[in-house]
1. In segment 125-143, which residues are hydrophobic (A, V, I, L, M, F, W, C) and surrounded by 24 or more Cβ atoms within 10 Å (Cβ to Cβ)?
2. Is segment 146-162 home to any residue that is surrounded by fewer than 24 Cβ atoms within 10 Å (Cβ to Cβ), over 27 Å from ALA243 (Cα atoms) and modelled with pLDDT under 95?
3. Could we say that ALA112 is small (Gly, Ala, Ser), in contact with a strand residue (DSSP E or B) (Cβ under 6 Å, 6 or more places away or on another chain) and over 29 Å from PRO195 (Cα atoms) here?
4. Give the residues of segment 24-62 that are over 27 Å from the mean Cα position of the chain (by Cα), farther than 11 Å from ALA4 by Cβ and charged (D, E, K, R), sorted by residue number.
5. Filter segment 171-194 down to residues that are within 12 Å of the ligand (Cβ to nearest atom) and under 20 Å from VAL125 (Cα atoms), then give me how many there are.
6. Only one of (1) small (Gly, Ala, Ser); (2) in contact with a His (Cβ under 8 Å, 6 or more places away or on another chain); (3) within 16 Å of the ligand (Cβ to nearest atom) is not met by GLY32, so which one is it?
7. What are the residues in segment 169-212 that are surrounded by 16 or more Cβ atoms within 10 Å (Cβ to Cβ) and charged (D, E, K, R), if any?
8. If I filter segment 195-223 down to residues being more than 20 Å from VAL244 (Cβ to Cβ) and either of a type in the set (S, T, N, Q) or without any contact (Cβ under 8 Å) to a residue 24 or more places away in the chain (or both), which single residue comes out as farthest from the ligand (Cβ to nearest atom)?
Amino acid sequence: MNVAQAVGAGEALGLERLDAQLLLLHALGRSGTDRGWLLAHDTDPVTAGSEAAYLALCERRASGEPLAYIVGHKEFHGLHLLVDARVLVPRPDTETLVDWAIELLEDMNAAAPRVVDLGTGSGAVALAIKDACPNAGVEATDISRDALEVARSNADRLGLHVGFHEAAWLADVPGRYDLIVSNPPYVREDDPHLPALRHEPIMALASGPDGLDAVRAIVAQAPSRLAPRGWLLLEHGYDQAPAVRALLAAAGFGYVASRRDLAGIERCTGGQWLESG
Ligand code: GLN
């Protein structure tokens, strides 16, 4: 089998061409940025050992395992993050949350704004914020010790200083913050899409009958933990923006607004805490 035939074999197993190419590069010990190499070497033979390894990776992908788990990494907001089945795969949609957070921090013009990321998983949101705003003091929590191990190793590898805590949202993490951000679980527990996400941790995805249990818990905790004029930003599901805006307004937040992701879907909602209480 040569390189071109191997890509074709992956497609024949039902894979997207791009995924087949990335898995072949992985099996050949090459970087995912080497797709040009595949084209230039399409008639090169693939050794029997590499072919067997590659086809095994294709089978995993065909059974629904995320590409990021198979190759062990994912790019997020320009950061190279290591990921495995202990954490949700960072989604491009979540860059909307990060971009909004960075804008707010720049507008605050504070010497050292305090930020906390709740349910950090791989550390993606906290690390992207710290990378863009080095003067911010960034903390992150997760209830999963396994997830925190992944997040800490990403922080160490990237040389980004973030304080990680095993906690349920803001519980047991002292202090007040200028910005609280979270991409919490928000999928309805009976959502028909959940089975397709079965390789990822269910606790990072599902959140009660309407998907809003985690959002409600965070909105309840946040006011007493925000500095005056501090912001709360939350990612949520494609149809949850009105409900999240209503929850924030009912809790007393001002300037409540939503932002759209790359697909044009209202994906994040935030508000400012205008009282000092
Ligand atoms: N955006 C993810 C999905 O629907 C869900 C992530 C989450 O629950 N935080 O695939």
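1. Quick first cut of segment 125-143, residues hydrophobic (A, V, I, L, M, F, W, C) only: 125-129, 132-133, 136, 138, 140, 143.
Passing the criteria: VAL125, ALA126, LEU127, ALA128, ILE129, VAL138, ALA140.
2. There is no residue in segment 146-162 that is surrounded by fewer than 24 Cβ atoms within 10 Å (Cβ to Cβ), over 27 Å from ALA243 (Cα atoms) and modelled with pLDDT under 95.
3. On the way: small (Gly, Ala, Ser): yes; in contact with a strand residue (DSSP E or B) (Cβ under 6 Å, 6 or more places away or on another chain): yes; over 29 Å from PRO195 (Cα atoms): yes.
When the stated conditions are applied, ALA112 passes them.
4. GLU51
5. Just the residues of segment 171-194 that are within 12 Å of the ligand (Cβ to nearest atom), to begin with: 182-189, 191-194.
In the following step, the residues that additionally are under 20 Å from VAL125 (Cα atoms) were identified as 182-187.
Number satisfying all stated conditions: 6.
6. The one condition GLY32 does not meet is (3).
7. ASP178, ARG188, GLU200
8. Here the answer is PRO195.
The values are calculated or read from the model by the stated rules, or taken from the named source; none is laboratory data. Computed from a predicted structure; not experimentally measured. With ideal geometry, Cβ positions are generated from the backbone for all residues, glycine too; neighbour counts draw on all protein chains shown.
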